[in-house]
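Trainee: I am attaching a structure below and will ask some questions about it afterwards.
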Amino acid sequence: MSVQDDIRQTAGQLLADGKVDLVIGFAEGTLAMKAAPCFITAADDVEQLVWNSFCLNNLAVYLSRCFTPDPQLREPPPPPKVAVIVKGCDGRSVVGLIKEQQAPRENLTIIAVPCDGMLDADVARRVLGAEEIVAADEVDGAVKITDETGKETTVDRKELLAEACRFCTHRAAAVYDQTIGELPADADPLAPDDQFEAYCQKPTADKWRQFCSEISKCVLCKACRSACPNCYCRTCFADQTRPNWMGSGAKLGDVIFYHLGRLFHQAGRCVDCGACVRACPVGVDLRTFTYKLVEDAEQLFDFTPGLDLEQAPPLTVFAPGDSENFITDPE
Amino acid sequence: MADSKMAKAKLGEFLAAVSADYEVYGPKADNGVVTFGRIASADELALTYSNSTVSAKELFLPKTETVYEFDGENFVDDPLPEQKRVVLGLRPCDCRALTLLDGTFDCERVQDPFYVTRRANTVLVALACDRPLSSCFCTATGGDPYGEEGVDVLLSDEGESFLAKAVTDRGKDFLEQYGKFFSGKAAGKWAERAKAASGKMTCDLSLAEVSQRLDGLFEDDMWERVSQKCIGCGTCSYLCPTCYCFDLIDDKTATGVKKIRRWDCCMFQSFALHASGHDPRPITAARFRQKIMHKFNYHPQRCGLNSCVGCGRCVRACPVNLDIRQLLGDILAAAPSAASE
Ligand code: SF4
Ligand code: SF4
Ligand code: SF4
Ligand code: SF4
């Protein structure tokens, strides 16, 4: 059975048995190389679910929303029972949300599916120098792409991997209730290069310069935050008015403040899914900086988020052996 | 001069001449992202793009602008943006969008001094679309890849040269002012080129009736369903050429405050939150309904037109593929009786 059929059958069964109220998965998108998050509540509708190389969104972003009822309801409904289809990155985010008490474990059915790395339409546009991808057809790792001029090009799927997927080493969820297909083992990244490492190696002053210049493109829509499963705060610090932490955005300093604030909140929590970068409407490369956080969590605290439910997040515990170099010797 | 052409080889010289009299703005590309900015020379212009990533509205409603400053004793109005400007190479949908914004910022009830000054001082030299994207749907909203609404001068890329047509008196004066760069007649070619372009549009919706259909749908339970995947990121509004909501906020200065106007968006969580703590639109479904109702029901009731020009930016950029064309299609396809129940 194909993974897609298996997903449909599993979802249908869970709904029919009344084990869950809702299945969060992917449906066919309206644009080439896009699948769209979808919410299935009736077993009859499972045919809408698809599984292909374009299921890029991190579906964990919806969990805290599912468990946050309308704040003005006098009698909020009981929390729903939710099944969620997870790749490696979604799965790691779900673990983080459970640990941070944003999604009750007992209400979740985590369905782990195998991921070969997802393909990104924006990467395809860049690789082909195209304005628009009109159609994409994948056969055995080769993707035939039609651009807006009608030109067809066949590209190795590796070249079209979403940036986060090129670097991913945990392509299967570590915590789950059901599996579909054969989950890939932890492995070397699929197609890394050293662009992020190059940033990490720079002296602090150069890092700061690169950060400021990249961030200066930002229009402060905060879509990066909205797309991030970790950014579930009921009111983000950037939106608070009493007190008002942020300036209006008229000065670069305001933008820097927002990004430093958000980045610090991600330390030891970011699973490097790339959702923030892909949501950005103006192409700010946030991943360089989140990558650094991930590397820091690994190197300073030997911690990789989202792999088990017990290990405490590094910034919530003090251990006598904790690294202090970043304070005493930041270079 | 009202209808002529300019050899592309002359573009650099033309820009230099125009720059002596005007601030020149145009589309610039950076790693596939096209935005409007000051243009110093022809090689900065990205004129082969299909549509810009961010709309040209930011030249009229900047992301942030100072309205006035209070220095501790006096209120000082920010000087009006009086400089003369030319925007080169924006698309017809963005020009049409400005005529819709006029209905809010330059109408009987309100004349926003900053907006009105910028509009009055800016010549719009638009570039017609010969290669609409599959996500463009201007024709469904009453626009056209060769549309002239809001345009002063329309250009069409003919390969070696730009055809140029004056649409308004301001456009005519502009072409006359730089007459030495234009020569010959292009008459006759326009209709044919326009027809070829509109023939490439793929969306067959007709949105004229959406407003009526929406009349009975405010309380409908569809809103929860259709907005379920929306993450409230506001990308759709920030890129939209007709979304204009703004926020007024105080920035502290050494001695007082600056009143800043900045973009806002009805999809944001805090958008409708009252000082009392009450929020009339506390959930995504209510916020999303507001967005659609404003564009396709309230706006047409107030100004006669949908507040969407079909540029397709929201379609392309929504991170969860919430496609407004699909939604509008579904609303139109629903039986009218169901809509008014
Ligand atoms: S999504 Fe992009 S533009 Fe919006 S706040 Fe984040 S970095 Fe800035
Ligand atoms: S940036 Fe920080 S405060 Fe804002 S939502 Fe994310 S975690 Fe919360
Ligand atoms: S861009 Fe999409 S997800 Fe973001 S607010 Fe608009 S509709 Fe919602
Ligand atoms: S609603 Fe979408 S298509 Fe319509 S004008 Fe705005 S961004 Fe363009």
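The values are calculated or read from the model by the stated rules, or taken from the named source; none is laboratory data. None of these values were measured; they are calculated from a predicted model. Neighbour counts are summed over all protein chains in view; Cβ atoms, including those assigned to glycine, are modelled from backbone coordinates with ideal geometry. In case anyone asks, the SASA skips ligands and DNA or RNA and just uses the protein heavy atoms, side chains included. Shrake-Rupley method; radii C 1.70, N 1.55, O 1.52, S 1.80 Å.
Trainee: Name every residue in the range B:14-57 that is among the charged types (D, E, K, R) and modelled with pLDDT under 95, in order of residue number.
Mentor: B:Asp30, B:Asp43, B:Glu44
Trainee: OK, next. Which pairs do you get when a residue that is within 14 Å of another protein chain (Cβ to nearest Cβ), found in the range B:80-99, comes within reach of a residue that is within 16 Å of ligand 3 (Cβ to nearest atom) and open to solvent by 20 Å² or more (accessible area, probe 1.4 Å), reach meaning Cβ atoms under 8 angstrom, with the pair 6+ apart or on two chains?
Mentor: Short answer, once both residue conditions are applied: none.
One line per residue, one yes/no per condition, for (1) at pLDDT below 90; (2) part of a helix (DSSP H, G or I); (3) within 14 Å of chain A (Cβ to nearest Cβ); (4) within 16 Å of ligand 4 (Cβ to nearest atom):
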position: B:Lys180; (1), (2), (3), (4): no, yes, no, no
position: B:Glu192; (1), (2), (3), (4): no, yes, no, no
position: B:Ser237; (1), (2), (3), (4): no, yes, yes, yes
position: B:Pro241; (1), (2), (3), (4): no, no, yes, yes
position: B:Leu248; (1), (2), (3), (4): no, no, yes, no
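Trainee: Contact list please: Cβ distance under 6 Å, first residue in the range A:66-91 and over 29 Å from A:Thr169 (Cβ atoms) and without any contact (Cβ under 8 Å) to a residue 24 or more places away in the chain, second residue open to solvent by less than 30 Å² (accessible area, probe 1.4 Å) and assigned to a loop (DSSP other than H, G, I, E, B), pairs at least six apart or on different chains.
Mentor: A:Asp70/B:Pro282; A:Gln72/B:Pro282
Trainee: Of all the residues that make up the range B:253-273, how many are out of contact with any strand residue (DSSP E or B) (no Cβ under 8 Å at 6 or more places or on another chain) and either of a type outside the set (Gly, Ala, Ser) or modelled with pLDDT of 95 or more (or both)?
Mentor: Residues of the range B:253-273 out of contact with any strand residue (DSSP E or B) (no Cβ under 8 Å at 6 or more places or on another chain): B:254-255, B:265-273.
Checking which are either of a type outside the set (Gly, Ala, Ser) or modelled with pLDDT of 95 or more (or both) leaves us with B:255, B:265-269, B:271, B:273.
Residues in the range B:253-273 being out of contact with any strand residue (DSSP E or B) (no Cβ under 8 Å at 6 or more places or on another chain) and either of a type outside the set (Gly, Ala, Ser) or modelled with pLDDT of 95 or more (or both): 8 in total.
Trainee: While we're here: Name the strands (runs of 3 or more DSSP E) wholly within the range B:1-68 that hold at least 2 residues that are small (Gly, Ala, Ser) and farther than 29 Å from A:Asp285 by Cβ?
Mentor: Correct list: B:3-7.
Trainee: A follow-up question, please. Only one of these conditions is not met by A:Gly129: (1) within 25 Å of A:Asp188 (Cβ to Cβ); (2) surrounded by fewer than 17 Cβ atoms within 10 Å (Cβ to Cβ). Which number is it?
Mentor: Checking A:Gly129 against (1) within 25 Å of A:Asp188 (Cβ to Cβ); (2) surrounded by fewer than 17 Cβ atoms within 10 Å (Cβ to Cβ), the one that fails is (1).
Trainee: Go through A:Gly91, A:Gly117 for me and flag whichever is part of a loop (DSSP other than H, G, I, E, B) and modelled with pLDDT of 95 or more.
Mentor: Values: A:Gly91 fails: part of a loop (DSSP other than H, G, I, E, B).
Among A:Gly91, A:Gly117, only A:Gly117 is part of a loop (DSSP other than H, G, I, E, B) and modelled with pLDDT of 95 or more.
Trainee: Follow-up. Go through (1) among the charged types (D, E, K, R); (2) free of Cβ contacts under 8 Å to residues at least 40 places away in the same chain; (3) not assigned by TED's automatic domain parsing to the domain that holds B:Gln269 one by one and return the number of the condition B:Glu176 breaks.
Mentor: (2)
Trainee: Criterion first (of a type outside the set (Phe, Trp, Tyr), more than 16 Å from ligand 1 (Cβ to nearest atom) and open to solvent by 20 Å² or more (accessible area, probe 1.4 Å)) does A:Glu298 satisfy it?
Mentor: yes
Trainee: Quick check: anything in the range A:301-308 assigned to a helix (DSSP H, G or I), aromatic (Phe, Trp, Tyr), within 15 Å of ligand 2 (Cβ to nearest atom) and more than 14 Å from chain B (Cβ to nearest Cβ)?
Mentor: Here is the first cut: in the range A:301-308, the residues assigned to a helix (DSSP H, G or I) are A:301.
Add one more test, that the residue is aromatic (Phe, Trp, Tyr), and what stays is A:301.
Checking which are within 15 Å of ligand 2 (Cβ to nearest atom) leaves us with none.
No.
Trainee: Need a quick list: helices (runs of 4 or more DSSP H) entirely within the range A:153-231 having at least 1 residues that are more than 19 Å from A:Met118 (Cβ to Cβ) and either open to solvent by 40 Å² or more (accessible area, probe 1.4 Å) or within 16 Å of ligand 2 (Cβ to nearest atom) (or both).
Mentor: On the way: elements: A:157-160, A:163-167, A:195-201, A:204-215, A:223-227.
Result: A:195-201, A:204-215, A:223-227.
Trainee: So which residues in the range B:195-234 are among the aromatic types (Phe, Trp, Tyr) and either within 11 Å of another protein chain (Cβ to nearest Cβ) or within 16 Å of ligand 3 (Cβ to nearest atom) (or both), if there are any at all?
Mentor: Answer for the range B:195-234, where residues must be among the aromatic types (Phe, Trp, Tyr) and either within 11 Å of another protein chain (Cβ to nearest Cβ) or within 16 Å of ligand 3 (Cβ to nearest atom) (or both): just B:Trp223.
Trainee: Give the residues of the range A:267-295 that are open to solvent by 30 Å² or more (accessible area, probe 1.4 Å), touching an Asp or Glu at 6+ places or on another chain (Cβ under 8 Å) and assigned to a helix (DSSP H, G or I), sorted by residue number.
Mentor: Passing the criteria: A:Val277, A:Arg278, A:Tyr291.
Trainee: Can you name every residue in the range B:300-334 that is free of Cβ contacts under 8 Å to residues at least 12 places away in the same chain and away from every other protein chain (no Cβ under 12 Å)?
Mentor: B:Gly304, B:Ala333
Trainee: Taking the range B:260-285 as the region of interest, how many residues are buried (at least 18 other Cβ atoms within 10 Å of the Cβ) and either under 16 Å from A:Pro71 (Cα atoms) or more than 16 Å from ligand 1 (Cβ to nearest atom) (or both)?
Mentor: Qualifying residue count, the range B:260-285: 10.
Trainee: Just to be sure before I move on: is A:Arg262 within 12 Å of chain B (Cβ to nearest Cβ) and basic (Lys, Arg) in the structure I sent?
Mentor: When the stated conditions are applied, A:Arg262 does not pass them.
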